[in-house]
Amino acid sequence: MSFCPNCGKEISSDSAFCPSCGFNLKGIKRTSSSVSSSKATTTEKVRPDVKTYMLISVAGLGAVALLSIMIKDSLGFIVCAALSGALYFWGMKKLEEGDKTTAKRTSLIIGIIGGVIGLAVLLAGQFVGVIDILVVVPAFLAWYKLEQES
């Protein structure tokens, strides 16, 4: 048996694509070692749902930033766009590089900041605060999953 160079999962020797991650295996030299690359080692330890949680939160914060523009809330736009960018570049990108510690801290910090801001907006009488709180819940879930793995 061979292993996918992208995710490290076991694949059959005649597969054109990895059944786990969809990686194109055409033209790739396959090895029978348990781990074929350092990328496979780091990706194998991180379950796909961590990246999914982060992606949902990044997209949600981006959507709230766009919503803030529509309701003419420039401060809300700046804050949500900054949180979305921070979670993407310091969370998802670091996770892909194998730096789970930075990704875990970033998810927690973004979750706390987003939750506190959402609560403050909600207490100020604007319902959009609930949306702020909801879109950072996946960031907390990503942190929780990474915390379980360490």
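Read-outs: derived from the displayed coordinates by stated rules, not from any lab. Everything numeric here is computed off the predicted structure, so don't read it as measured data. Counting neighbours? That spans all protein chains shown, and the Cβs are built from the backbone with ideal geometry, glycine included.
Cβ crowding within 10 Å, taken as a proxy for footprinting-reagent exposure, orders S12, S107 from fewest neighbours to most as S12, S107.
Measure up K9/K145; K94/K145; K26/K100; K72/K145 against 24 Å on the Cα-Cα distance and list the ones that go over. Where the Cα-Cα span goes over 24 Å, the pairs concerned are K26/K100; K72/K145.
In this calculation the C-beta distance from I112 to A63 is compared with R0 = 25 Å, giving a FRET efficiency of 0.80. Evaluated with a Cβ-only charge set (Lys, Arg +1; Asp, Glu -1), segment 46-149 carries a dipole of roughly 80 debye about its Cα centre, given to the nearest 20. Among V50, V121, the ranking by other beta carbons within 10 Å of each residue's beta carbon, starting with the fewest, stands as V121, V50. Between R105 and L122, the modelled labels are 2.9 nm apart [label points 7 Å from Cα along Cα→Cβ]. Taking R0 as 41 Å, what's the FRET efficiency between E147 and I71 from their Cβ-Cβ distance, rounded to 0.05? In this case the efficiency is close to 0.70. Residue order for W143, W90, fewest other beta carbons within 10 angstrom first, comes to W90, W143.
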